[in-house]
1. Tilt of helix B:59-78 relative to the longest C-alpha principal axis of chain B, in degrees (0 to 90, nearest 10)?
2. Using a 1.4 Å probe and counting only protein heavy atoms, how much accessible surface gets buried when A and B come together, both sides summed, in Å² to the nearest 100?
3. Rounded to the nearest percent, how much of the accessible area of region B:1-134 (1.4 Å probe, protein heavy atoms only) is carbon and sulfur?
4. Which residues make up the longest stretch of chain A that has no chymotrypsin sites (Phe, Trp or Tyr not before Pro) in a DSSP loop with at most 10 other Cβ atoms within 10 Å?
5. Going by alpha carbons, how many degrees (0 to 90, nearest 10) lie between the helix axis of B:248-267 and the longest principal axis of chain B?
6. Expressed as an acute angle from 0 to 90° and rounded to the nearest 10, what is the orientation of the C-alpha long axis of helix B:88-113 relative to the principal long axis of chain B?
7. Pairs A:K92/A:K184; A:K258/A:K447; A:K92/B:K247; A:K322/A:K377: which exceed 26 Å Cα-Cα?
8. R0 = 41 Å: FRET efficiency of B:S114 with A:S75, Cβ-based, nearest 0.05?
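The values are calculated or read from the model by the stated rules, or taken from the named source; none is laboratory data. Since the structure is predicted, the reported quantities are computational estimates derived from the model, not experimental observations. Backbone-built Cβ (ideal geometry, glycine too); neighbour counts: all protein chains shown. Quick note on the areas: whole protein, heavy atoms, side chains included, nothing else; ligands and nucleic acids left out. Shrake-Rupley method; radii C 1.70, N 1.55, O 1.52, S 1.80 Å.
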Amino acid sequence: MSEQYAIECRGITKIFGGKVTANDHVDLQLKFGEILALLGENGSGKTTLMNMLSGIYRPDGGTIFVRGEEVFINSPVDAMNLGIGMIHQHFKLVNVFSAMDNIAIGTKGRRLSTAKMREKIREISSRFGLEVDPDKKIYDMSVSEKQTVEILKVLYRGSDILILDEPTAVLTPQETEKLFAILKKMRDEGKAIIIITHKLNEVMEISDRVSVLRKGKSVASVNTAETDELKLTELMVGHSVDLSIRRPETDKKDGVLKVSGLSVTGAEGMKMLKDVSFEVKGGEILGVAGVAGSGQKELCEAITGLIPFEQGSVKLEDTELKGKSPFEILNLGVSISFVPEDRLGMGLVSSMGITDNMLLRTYYKTPGLFIDRKPAKEMADKLIDRLQILTPGTETPVRLLSGGNVQKVLLGREIESAPRVLITAYAVRGLDINSSYAIYDLLNEQKEKGVAVLNIGEDLDVLLALCDRILVLCHGEVTGIVDAKNTTKEQLGLLMTGIKQEKEAAHV
Amino acid sequence: MNFWVNFIVAAVVAGTPLLFGTLGEIMNERVGHLNLGVEGMMSLGAIAGFMVGYKTDNFALAMIAAFLSGAAGALVYAVVTVTFMANHTVAGLTLTIFGIGLTNVIGFHYLGMSESGTLKLPEQITQQMRSIHIEGLSDIPVIGDLLFQYNPFVYLGIVFAILLALFYNRTKAGLNVIAIGENPAAADAAGVHVTAWKYVNIVIGGGICGIGGAFTIMITNGGVWISDCVGGLGWIAVALVIFATWKPMNAIWGAFVFGAMRILKYYVNKEIIHIPDAFYDMLPFLVTAIILVVVSVRQVKDKAQPAACGTNYFREDR
């Protein structure tokens, strides 16, 4: 038999609902003491494959070997017993529990005393360089602290095979670096680690080997040292691609959207935005960077009138938006395609088709008692054609579409209303390379039309390449507005952690 | 002095069926299932307890029947909501309507068959439900009256509450159960058998509600059958769960406070304070409404409803 692989998958097949083949004879090998990056576009079957290893799904064909023995993983308990621990993209933590209690859920044996538990956690933490307060409640934690708890959970159960599903999606560059240091330490202790990610630079930095999936099939497994980002992209997409993001030069028009001294108090009396001032010019993309929860959501909602603000002003050219209803603001040409944590939450009605979602923005414009669906249907057809939206039809509920297509529907509808200001938040979150570039092109197109685009983003590389200027938020304060052309990722990272920019450099 | 002792004793007795209903509903909500069928499950417990007692003359069998019928109602609810993932509110309301309806149908049927036009439990059983008397302890003035001379139900309810509190706070299984109510996906990923624990908790919770229902007919009505014997107590219990902030120990004194409100009208001197009886009948509901407002305004995270309460969990949901 083969040498002792931590995990070996042979010919794994998973078919959903009898027709959608998510995994088609996938092979995968993972050794102890290595970090394997699993790379692939959306819908390439990465998460499906990992869910089979962690007991969420069951394979329809093929065999899984763990430590050289054939296994059947029917539930998360089975996976746990085999030493496989998964750190899910969306944290699976109980908010009202302390870190300690979260770690204790589902473990075997009696409930340990607080002191013993604390001791055990400290022991593991110090071994791998993790920092966490065992008594801190999850709801008081930052994203990166929550992730640390997830990792501890897995280590506490003695897992030596770790699967991380897009762990860096929510982290700042500094936090990512810290995480990578921890992962490397775990690898050096002989643990086997699989990391799922879209980000090629991270693959290059952290992994020893890369396995690439495309459309549910395993395409290649290569040693990281023998490849580069371009080759990996080609493997992933299946044809050569241009990785650079366009940043067209445009004529800027001053003062399209002017925000000055904006302060917003949140539901719990916390200051969510403190004295925020900036301007978005026509024909420019202003990026907004910041750790999740730094006030991005409040900023979007204040501008569009969804939440009231007590101080400051928001001006669209010469019109003051303060005190106007979201409906009035929308009709003035401020369009928002806000994508909250779940894509379908605020923008679209998930159970309605594309046509009906178009109608949401136009139904009140037609006079009379009845709704005319014809123009909306035409618009839906036009969008499907122009943006190459993949859907079985205009009446298919949008929740059944893939993430990239949902995003195209949402953005397409907003753009169709010919806005003067376009606000997008996390427009490419969770999208694969092809869809992401389609969205970037859409934004650039609007920019060239002279629209003022405010783009809340999370991938700093993308922000730096796409935007003209970048505003950095930290705890609701603007810590800097920088020119994207001559700023580095590290500088942005520092601003995101609250180290303010020198006064002189602030005027770019 | 005597007045206060009598008042407190009466409040405790009046609060006991509420305590059972509340504990049962806490068990439901702690695994994330908002079960509005408490009134129905209590009704089922009342008719089953009464009829089995009536036919067999056996107190223990009557209690078991009350528990099992409440549990059976809860089992239907569990199948519908846990396995088939129906809406909790609709399923619960249906259970309430069904439970009350079935109970009254059976009650009317037997009432029609009886010669005297009334149904009364045999002496043998009423004897056993009487207040206990412990030689020495029960005779202590005041303390004996306050602590050692209740009917067996009162002690059973308190023991249930304490056991449930110990389960939640001291055992690993209890921690797992709370985790299910807060975030079933997290519990599932951590290796907790979500579905199994939901069934166990919902069904036992229903059984406890059933015992509460039996109390209303056996103690409150002295073993004489009347229709609609539960009379809205199940709804107060649902509210009491909020009052108790989902903690069994709080349910004990919460139930007794609400019990006091139920009997207040008999202890107020009508010569001095002229308020219609209807006001006192309304009092528990008024207090519940106020509590709901206060709780939702305060928004203390640790004292809030279990986060996943009212939602169904499907592992492969995306």
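1. It is inclined by approximately 30 degrees.
2. By this definition, chains A and B bury close to 2200 Å².
3. 70 percent
4. Here the longest run is A:73-369.
5. Approximately 40 degrees, to the nearest ten.
6. Approximately 30 degrees, to the nearest ten.
7. A:K322/A:K377, as the Cα separations exceed 26 Å there.
8. Between B:S114 and A:S75 the formula returns 0.15.
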